[in-house]
Every structure is written in C-alpha cells, then in structure tokens.
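Right, one structure below, let's go through it.
What follows draws every value from the coordinates through simple rules; no lab data is involved. Treat the numbers as computed from the prediction; the structure is a model and nothing was measured. Every residue, glycine among them, receives a Cβ derived from its backbone with ideal geometry; neighbour counts consider all protein chains shown.
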Amino acid sequence: MTKKEMLLRIRDEYRAEHENAPATAREMSEWAVSTGRYKLPPHATERKCAEELADAMAMDMMTVLGGRRVRTMHTWRSEQRNLWDHIDTISIPDFELSMAYQRNGALGIVKQMKIDLDYFNELHPDGPAVQVSFNFENDLADAGLLNFSSSEHEPPSAQPPGAPPRKGSRPGPSHP
C-alpha cells in the first residue's frame, strides 16, 4: 500500500467513524495518531523538516517601498529538485524559471477548479449552475495591479521617479 493509499484509508475510516461529518485535516490526523493508525517513520524526519521549511519559505514576505508585500524566497525546478533563492540575490534566468514554475502551478489549480465545477454542475442538473469567472483582470484592477506591467519597472529608489534606469543595470530592490 502506498503512503497516499494509507492516508486516504485513514480519511475513509475517520469519516465512517464520524458519520461523514466535515472535519479538518488536523482533526483527522489527531484521531489517526491517537488510534495508532499513523506513525511517522524515523527516516521521515528530514523529509518532514524540508517540507515545513519549504512551506515557511513560500509564505515569507517582506514589505517594500510603497507598502507592497513581496515574497522573499523563490523556487524553481532544476535537475529533478527544487532550488530556493532570495529575491534580492536570484539571477534573472532563475527568477524567470521561478515565475514560470509558479504560473504553471496556478494554472494547474485553475484547471482542477474547472473540472470540479463542471462535475458539481453535472451532479445538480436541476438547480442553477454554479458559475465562476476565471478571468482575473478585475481582481488585479481592484488590487491596483492591472496597469503595472512586468515589462515596466518601477524606478529604483535611488533615482527620481520617471528617470530611466541606468544603462546596463536593472532596477534594484526597493525595500529598506
């Protein structure tokens, strides 16, 4: 039995024992550990630490000039592993890979949402169809981000607004 199959069996047993009531993953895991259904193998400690470290790095933000919240660490796939680098030190090619990696992840989430939405609507043909917009332009506009293009850089904080970037340089970080 694979780990995924074991975890899904735990889910099924939890739901059966709790009359299919909604529950958090933490509630299910506490139940699984307390009933002896889940035990962490000793070799899994480093892997668990790496997962938790990656989660923490993915959520770490800093506030930059203008009050924008920017993710500090960025990841990309390289030779079958994920590498991480700080936004202030990452190279342009690696940052481009990171953006493509994140965009593909977001696209995967949106695709799965569409599949789930279509299936749900098929299950309920007599009711009004649940509709979700997958066009994010209004959301970006509401956040004040629609007009800022990835090809238009803000001037570095050391230059006056509107001044062209110095030749051979790219805008530097704009955080304190």
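Lys and Arg at +1, Asp and Glu at -1: add these up for the other residues within a Cβ distance under 15 Å of Val110 and post the number.
-1
Which whole-number percent gives the relative contact order of the range 22-111, counting Cα pairs below 8 Å spaced six or more residues apart?
Relative contact order of the range 22-111: 14 percent.
Please report the Cα spread of the range 10-69 along all three principal axes, rounded to whole Å, starting with the longest.
Principal-axis extents of the range 10-69 (Cα, largest first): 53, 32, 14 Å.
In whole Å and largest first, what semi-axes does the C-alpha gyration tensor of the range 72-150 yield when each eigenvalue is scaled by 5 and square-rooted?
34, 19, 8
List nothing, just return the count: lysine pairs in the range 1-117, 8 or more apart or interchain, with Cα separation under 21 Å.
Count of close lysine pairs: 5.
At what distance in angstrom do the alpha carbon centres of the range 1-21 and the range 120-137 lie from each other?
Measuring centre to centre over Cα atoms gives 29 Å.
Starting from the amide H of Trp76, placed 1.01 Å from N in the peptide plane, find each other amide H under 5 Å away whose residue is 5 or more places distant or on another chain.
For Trp76, whose amide H was placed from the backbone, the distant partners under 5 Å are Leu83.
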